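The values are calculated or read from the model by the stated rules, or taken from the named source; none is laboratory data. What you see is a predicted model, and the numbers here were worked out from it, not measured in a lab. Heads up, the Cβs are rebuilt from the backbone with ideal geometry, glycines too, and the neighbour counts pull from every protein chain shown.
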Amino acid sequence: MDNIKVYYKILNEYRKHDLNLIMLLQKIQEVFGFVSEDSVYWFSRQLDIPASKFYGILTFYPKFRLKPTGKNILTVCCGAACHIKGSDKIVQKVRETLSLNEGEDTTPNLQFTVQEATCIGACSVAPLVILNNTVHANMDTDKTVKLLKGFVIEDEYIGY
């Protein structure tokens, strides 16, 4: 029920400032961390706009999330220079370390979300990894796993 109060607050802001749907969805994601199916259908009914229009935007723009993100966000650059220097191996090792299955990007306990970036633009220090907005240059699989050490996952440390 608390979400409904927040939805109304967002809706009032949308109407007051004559925002567009992209801005509305950005606000929902800013507040909740992702755009839930419930929120899509609630706003769809309130605004008399088909849910398919919301989903068209949500699926077109890669910055929108339809599922919750983890507390910690690990982004691996997979641009050309990073790829040549082994970013694919880093992604594979991170997914293995976090026990992420194919198609999953967030651990079940919502501790980590793993993202792949097309290019971060720091090719001279490739490969690049960003953990919670802190940039780490010249990375490899071992250095990246060390970054993850010490974080609690389901009451157990990632450990070797």
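What to note about this one:
- In the stretch 6-43, of all residues being surrounded by fewer than 17 Cβ atoms within 10 Å (Cβ to Cβ) and hydroxyl-bearing (Ser, Thr, Tyr), the one that is farthest from Val114 (Cα to Cα) corresponds to Tyr8.
- Figure legend. Inter-residue proximity from the stretch 42-53: first residues more than 21 Å from Lys5 (Cβ to Cβ), second residues surrounded by fewer than 15 Cβ atoms within 10 Å (Cβ to Cβ) and not aliphatic (A, V, I, L, M), beta-carbon distance below 7 Å, spacing 6+ or different chains. Indicated pairs: Ala51/Tyr41.
- Filtering the stretch 119-132 to residues that are touching a strand residue (DSSP E or B) at 6+ places or on another chain (Cβ under 8 Å) and either of a type in the set (A, V, I, L, M) or at pLDDT below 95 (or both) leaves Cys119, Ile120, Ala122, Ala126, Leu128, Val129, Ile130, Leu131, Asn132.
- Pair list, Cβ under 6 Å, 6 or more apart: the stretch 1-13 residue touching a residue at least 12 places away in the same chain (Cβ under 8 Å), other residue surrounded by 13 or more Cβ atoms within 10 Å (Cβ to Cβ): Tyr7/Trp42; Ile10/Lys27; Leu11/Gln46
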